[in-house]
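Here is the structure we will look at, set down as structure tokens.
Each value in this text was obtained by applying a stated rule to the coordinates, not by laboratory testing. Given the structure is predicted, the values throughout are model-derived calculations rather than measurements. Glycine also receives a Cβ, built like all others from the backbone with ideal geometry; neighbour counts cover every protein chain displayed.
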């Protein structure tokens, strides 16, 4: 009897929750349809069938996703990998109906043309009006997701909002030393030097770490302060595109000058002596120990450290505009990329291709997008003046993005269009203030959105790029650490890169780029 | 591996053998099987327990060592995971050409050999010396405590070991640099200096494994016949002489077998520790074949190239272990096979 009443209670709640969207206009199938899914979200490597978001999607569309995930994508390295689980799935021989993952683009663009995934161009045109409407407004993004055969093999996760990382500084240290916010690279250097020598934390020890970074490639990004370029996209050491020409930051003279200056900064102690080995806890450790002065990191998470003001007297960590280079340019190289290489695809054994693309399209409808971004109405957010506003208890339950993953929202392995409003609601005042500052200055530059290779191009890339990248990084670190002089070594370095096939690689990238983005 | 009829004084080995063979003969008489098939069945009936005990090892070899050999062919193919091992097209020696025209791969091969050679020179004697030292400790509690302490690092995961090493060698606040500071030495960022990588890596390996590795030698020492020591005492030998004249010669077969195994593993540097400790700045000395395979092959999905490199690795190791075994058999009559 008890069981029965429990079931009844659940039925009753479901019944109460359903009416608002019970009109059925989003329904795809009359009879409930089950589709299997592999889901490798970087932070949640499984598809939970009892996520509230999945349950509502099932209610609305009639399509029920069954978890069929093998393996987990390990986060060994920010720049590579994360496709181990996909490789494992493919090697196992059975591809589920839907495959969703972080870093799925290169994978589907390689194996899609071989027949492992369903090409989507025609399906989108015929059955996915909402996705088609989105691509009609963003042809650049449509080009970026295509494989070398011109087909789309996945529906991407499309981040919203422009800003990612920014320059941060201890403004209370500036005040303590009577310094102004640095506006140029020379002023920035003077500030870092003052942090190093004038004991801003006031403990009498020479223990301050003027510049630090959680990921050491963020140090390399400082070459933009001398008109160099480092990372062409949100992937470290990536190629860059300028006026339709593919290049690489580590080949430029601005980079050379920047590295020379960073080597000087390093030897003067302006940069964390342990920058290459401190690792991901650098920010946490150096800020909470009252040692770190300045960094280059994400708006949302970094602004959160201002909570330390309850422990460290006067603690204030604020974003500041990118300092101007000697030639007067101010750029912020990092931005939230327009289209992630994440999303989902249809496996070649799927027998319900049309239903699946309609299901993908559902997430681009107004209701689907809201579901993907904010969770379930009434449970996680309420509609206030036509806008989804998170419930207070949901905001208070810890980091909001993590809470959302746990209910099945904001999954990077799902193709959907992010709504930046979700993030604004839990960004603190320091983040919002910083974003306003960056908005005003318009410091962002275009990203390289990546290219899809033909098999022959892929061969050239495979043969050359790994070796070239290793060599570049090896030289880069040793120049900064002072074993070798970048100015003296430069010509030999460029010659060595050419002998490793750099020019051939650039030509291949260029031809792929021209094909994909129409030259 | 060792001729058991000699060198084990005091045990009536020959008597045991004679008894056993007589028993077998009696049994064979009483059953009088009419064919070899029946004899085989009969043999399994009698000895099935042994085969049951052997089975897990055989299965392990089949599943994890012999079956994967089928996949080795991808070293000669343009492998696509989707097309599978059998359906990927052959490309001959293309991957090997790529490997040997790659300076970084060649450098990784040399780095592997250099690190392994250092490991062999400094790392191989360490557990033997440790075992001999333990053997000389008379105080039981002290001996047990000392053994436990040196065994412990073996049970710590490489990730933790790397964390300890990175912290200990850190330029600010690392214990090593603090101590160097007392002697007026400027702090050194050890883990970004190519010349320091090998000493740190080999030293870490010894610290981690010497204790645990000494167990096998301690076991060998325990097997030495006590009467040898007793008669040496009667002859007036001191402990030092007993160690040189009795203990070491007695465990020499064990030492040689361990050495051959070690040489067979020469291409296998514990690469997870390398990955945790190296930096682009130290690739010059730290990049070994397996880390190179990991970066170029696995991270960028070039399984065929990685398989080619792995096959090369295995060939080198095979040649080395064959050579070591032959030499050992010729000069000391001790060998793996």
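Computed values, structure above
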| read-out | value |
| --- | --- |
| Contour excess over end-to-end distance, with Cα ends at residue B:46 and residue B:122 and 0.36 nm allotted per residue | 22.5 nm |
| Computed over region A:455-517, Kirkwood Rh from alpha-carbon pairs, angstrom | 12.8 |
| Chain A: angle of helix A:185-197 to the longest principal axis, Cα-based, in degrees nearest 10 | 80 |
| Span per principal axis, largest first, for the Cα atoms of region A:290-346 (Å) | 54, 38, 14 |
| Centre separation in Å (Cα based) which lies between region A:44-64 and region A:193-209 | 53 |
| Length-normalised contact order for region A:261-384 - Cα pairs under 8 Å, 6+ apart - percent | 8 |
| Cα centroid of region B:282-321 to Cα centroid of region A:245-320, whole Å | 35 |
| Estimated Rh, region B:194-296: Kirkwood, alpha-carbon pairs, angstrom | 16.7 |
| Inter-chain shielding of A:471-484 (mean C-beta neighbours from other protein chains, 10 Å cut-off) | 4 |
| Footprinting exposure proxy for B:300, A:233 (fewest neighbouring C-beta atoms within 10 Å first) | B:300, A:233 |
| Where only C-alpha atoms are counted, convex hull volume of region B:239-337 per residue in Å³ | 137 |
| Inter-label distance for residue B:182 and residue A:308, nm, one decimal - labels placed 7 Å from Cα along Cα-to-Cβ | 3.2 |
| Computed FRET value (nearest 0.05) for residue A:327 with residue A:181, which takes r as the C-beta separation and R₀ as 22 Å | 0.60 |
| Two-decimal Rg/Rh across region A:219-260, once Rg and the Kirkwood Rh are taken from alpha-carbon atoms | 0.95 |
| Compactness of chain B - radius of gyration and Dmax, Cα, Å | 26.0, 87 |
| Span from the region B:176-247 Cα centroid across to the region B:71-87 one, whole angstrom | 46 |
| Average silhouette area of region A:279-396, convex hull of alpha-carbon atoms, in square nanometres | 13.9 |
| Whole-number percent relative contact order across chain B, with pairs defined as alpha carbons under 8 Å at least 6 apart | 24 |
| Rg ratio (alpha-carbon, reference 2.2 N^0.38 Å) - region A:348-443 | 1.29 |
| Exposure proxy ranking, count of Cβ atoms within 10 Å, fewest first, for A:219, B:273 | B:273, A:219 |
| Share of alpha-carbon pairs per 5 Å distance bin for region A:404-519, given as whole % | 2, 8, 11, 11, 11, 12, 12, 15, 11, 5, 1, 0 |
| Order of A:41, A:64 under a 10 Å beta carbon neighbour criterion, fewest first | A:64, A:41 |
| Within a Gaussian network of chain B (alpha carbon springs, distance under 10 Å), most fluctuating of B:136, B:47, B:272 | B:47 |
| Quotient of Cα Rg and 2.2 N^0.38 Å for region B:130-268, N being how many residues it contains | 1.38 |
| Potential lengthening between residue A:29 and residue A:114 on full extension [0.36 nm per residue; Cα-Cα distance subtracted] | 27.6 nm |
| Average other protein chain Cβ within 10 Å of Cβ, residues B:193-202 | 1 |
| DSSP-defined beta bridges in chain A - what % are antiparallel, rounded to 5 | 60 |
| Stokes-Einstein D (µm²/s) once Rh is taken as the Kirkwood radius of the protein assembly as shown over alpha-carbon pairs, at 25 °C in 0.890 mPa s | 77 |
| Over the protein assembly as shown: helical MRE at 222 nm, DSSP H runs n ≥ 4 each giving -39500 (n - 2.57), nearest 500 | -15500 deg cm²/dmol |
| Inter-site label distance for residue A:125 and residue B:138 at 7 Å from Cα along Cβ, in nm | 9.4 |
